[in-house]
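The values are calculated or read from the model by the stated rules, or taken from the named source; none is laboratory data. Quantities reported herein were computed from a predicted structural model and do not represent experimental measurements. Cβ sites come from the backbone with ideal geometry, for glycine too, and all protein chains shown count toward neighbours.
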Amino acid sequence: MEIIVQAGESSKRIDSYIAERSDLTRSAVVNLLEKGNITVNGNVVGKNYKTKESDIIQITIPDPVKTEVEAQDIPLDVIFEDDDVIVVNKPQGMVVHPAAGNPDNTLVNALLSHCGDSLSGINGVVRPGIVHRIDKDTSGLLMVAKNDIAHIALADQIKEHSFLRIYNAIVVGHLKQSEGTISAPIGRSPSDRKKMSVILSGKNAREAVTHYKVIQELKGFSLVEFKLETGRTHQIRVHSAYVGHPVFGDPVYSKTSEQALKYGSNGQMLHAKKLGFVHPTKGEWLEFDSPLPEYFTKFIDKNKQ
């Protein structure tokens, strides 16, 4: 993988810069730097190196290391699959990949059982094949790369904002406008490092744009369609709360999680409904639609105006 530093991109720490310009996590970048797999103008550099305009950064992704994550025979709702990509419908409550506190029973454990060695290795042994993520308690569509070529091609579409992601959510209250755009930068909350927040100024905030359209008004709530232009952590949840209409059931950005339990929802009522992208090797547009889960339809039926 090769990245050329453009005008206006100088004086950035190389680990942060590569994480912004690629689908690699910052920790993965640091690991590659420490192993000498990243060079600048042909020279090995450390993570504190500051970028300069026209620098040529070359990243060598080593062959995948045998994963220590256990394959588990967990049922998967596979929407589409071929040699390059698999699209699954993730249930609410399933974590995407192992992490502290969730070592198993994740989507990755299920994918390892279903796909065997046919998953990309770019994101390391804990997140094989994972190009993008959705939160544990967000249900819906997720695409997974089955080889590194597909992974890079799909990650490029995300960076170029050509990757279609449409969500449905139940939000609290009725919006003043039936459709519009929320454009507000998002960064780590300065008061709570476990949360994200809208930060209108500051170097730690990144551009975040969400388009919305009200589908149906309910008693005290609204069914809203959200289309992501960018893909920041918790973007829809943060933007919804920012405009005064938090996602119902959100345990972090609203106070309605206990109320949502009676409808069968164990968290925010947010569903990744539509997913669209150009096939990484065939070049054809693929688009998928996931029906609303039962906890959504139950809520809508009980709260019709």
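Of all residues in the stretch 259-299, those satisfying the criterion of being buried (at least 18 other Cβ atoms within 10 Å of the Cβ) and in a helix (DSSP H, G or I) are ALA260, TYR295, PHE296, PHE299. Filtered by the rule that a residue be crowded, with 24+ Cβ neighbours inside 10 Å, aliphatic (A, V, I, L, M) and closer than 18 Å to SER191 by Cβ, the stretch 231-256 gives a lone residue, VAL238.
Residues in the stretch 93-112 that are in contact with a strand residue (DSSP E or B) (Cβ under 8 Å, 6 or more places away or on another chain) and in a helix (DSSP H, G or I) were compared, and the one that is farthest from SER257 (Cα to Cα) is LEU111. On the stretch given as the stretch 203-220, residues that are among the basic types (Lys, Arg) and part of a loop (DSSP other than H, G, I, E, B) total 2.
Go through the residues of the stretch 84-99 one by one and say whether even a single one is among the acidic types (Asp, Glu), at pLDDT 85 or above and touching a helix residue (DSSP H, G or I) at 6+ places or on another chain (Cβ under 7 Å).
Restricting attention to the stretch 84-99, the residues satisfying the condition of being among the acidic types (Asp, Glu) are 84.
So of that shortlist, the ones also at pLDDT 85 or above come out as 84.
Filter once more, so that each one left must be touching a helix residue (DSSP H, G or I) at 6+ places or on another chain (Cβ under 7 Å): 84.
Yes, the conditions are met somewhere in the stretch 84-99.
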